[in-house]
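The values are calculated or read from the model by the stated rules, or taken from the named source; none is laboratory data. Given the structure is predicted, the values throughout are model-derived calculations rather than measurements. Neighbour counts are summed over all protein chains in view; Cβ atoms, including those assigned to glycine, are modelled from backbone coordinates with ideal geometry. Accessible surface is based on the protein model in full, side chains and every heavy atom, while ligands, DNA and RNA are left aside. Shrake-Rupley method; radii C 1.70, N 1.55, O 1.52, S 1.80 Å.
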Amino acid sequence: QVQLVESGGGLVQAGGSLRLSCTVSASFFSVNIIGWYRQAPGKQRDVVATITSGGSTNYADSVKGRFAISRDNANNTVYLQMNSLKSEDTAVYYCYANLQGRSFFNRWGQGTQVTVSS
């Protein structure tokens, strides 16, 4: 079975920082890409940042220079360091993973709320 366990969400003032983490338990599967999406009320779910097994990263334009994603391959854990937070960053953040067994498939975390006050 595959499980994604998230932590680190909360309430923070504008300009502050938070660090999210997500551990992917996926024995017998290769974790190709892990990362974060976010969704605000009434809006679509958008990608925030991703990282491949080789360490290649991609960021949404809105978070470049403020957020940093990293990965611990030994534990299949992904981190999202969020600095200089803005009210626009308020959303539910979802961890996701793309895995490979016989084929590629995706799994999602339950989501963690990030609220930035202004």
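Take the Cβ-Cβ distance between residue 64 and residue 2 as r, set R0 to 22 Å, and report the resulting FRET efficiency rounded to the nearest 0.05.
My answer for the efficiency is 0.15.
Give me the percent of accessible area attributable to carbon and sulfur for the chain, probe 1.4 angstrom.
45
What list of ³J(HN,Hα) couplings, whole Hz, do you get for the range 10-19 from phi and the Karplus terms 6.51, -1.76, 1.60, once you set θ to phi - 60° and write x for glycine and proline?
These are the phi-based 3J(HN,Hα) values: x, 9, 9, 6, 3, x, x, 9, 9, 10 Hz.
For the chain, with every protein chain kept in place, what is the accessible area per residue (1.4 Å probe, Å²)?
Each residue of the chain exposes 54 Å² on average to a 1.4 Å probe.
All other residues with a Cβ under 12 Å from the Cβ of residue 97 taken together, and with Lys, Arg as +1 and Asp, Glu as -1, what is their net charge?
Summing Lys and Arg as +1 and Asp and Glu as -1 gives +1.
Tell me which residues come under 5 Å, amide H to amide H, from residue 90 once H is placed; ignore anything under 5 positions away on its chain.
Here 116 satisfy the definition.
Just to check I understand the Karplus step: with θ = phi - 60° and J = 6.51 cos²θ - 1.76 cosθ + 1.60, what whole-Hz values come out for the range 33-38, glycine and proline as x?
Couplings: 9, 10, x, 9, 10, 9 Hz.
Going by amide H atoms built from the backbone, whose H comes under 5 Å of the H on residue 32, apart from near neighbours?
98, 99, 100
Using 7 Å Cα-to-Cβ label points, what is the residue 53/residue 110 separation (nm, one decimal)?
2.9
Return the sequence-ordered ³J(HN,Hα) values of the range 55-62 in whole Hz as given by the Karplus equation 6.51 cos²θ - 1.76 cosθ + 1.60 applied to θ = phi - 60°, using x for Gly and Pro.
x, 6, 10, 9, 10, 5, 4, 5
Tell me which residues come under 5 Å, amide H to amide H, from residue 16 once H is placed; ignore anything under 5 positions away on its chain.
85
Provide 107, 38 ordered by accessible surface of protein heavy atoms (probe 1.4 Å), highest first.
Descending accessible area places them as 107, 38.
What does the charge add up to near residue 22, with Lys and Arg as +1, Asp and Glu as -1, over the other residues with Cβ less than 14 Å from its Cβ?
Its environment carries a net charge of +2.
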